[in-house]
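Peer 1: Once you've had a glance at the structure underneath, I'll fire off some questions.
Just so it is clear, none of the values below were taken in a lab; they were calculated from the coordinates. Keep in mind that what you see is a predicted model, and the values were worked out from it rather than measured.
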Amino acid sequence: MNTQVLSRPFALRATPRDAAPATEATGVDDTLRRALLARLATQPWWDPAHANVFVDHGTVIYQGLSGARASRGAARRLALGVPGVQAAWDARVPRREWQSLA
């Protein structure tokens, strides 16, 4: 049996010694996430029932299902517009692709 260790793409990154403690980074990430969710709630293309937002050290990660390709770009631009967000990554699967897998 072949067993291999898979990487954890969403694991917390190691922080340098002079970086802020993890509790401070987590507090900032929670604040960024709340601000982004408030902005997303006003958008007609955002579907919180099928998507979620995570923030890790200032990087926004979207997961779940997405609608049109334009909504993916809009979500990324919206995230990058929140002060303190350093990067945005959309890992959502388009609904059409997901439906073909089912």
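Peer 1: Grab the Cα-Cα distance for Val28 and Phe54, subtract it from 0.36 nm times how many residues apart they are, and report the gain in nm with one decimal.
Peer 2: Difference between extended and current length: 8.1 nm.
Peer 1: Here's something else I'd like to know. Ordered by residue, what ³J(HN,Hα) values in Hz, to whole numbers, does region 44-55 give under the Karplus form 6.51 cos²θ - 1.76 cosθ + 1.60, where θ = phi - 60° and Gly and Pro are x?
Peer 2: x, 8, 7, 10, x, 6, 10, 8, 9, 10, 10, 10
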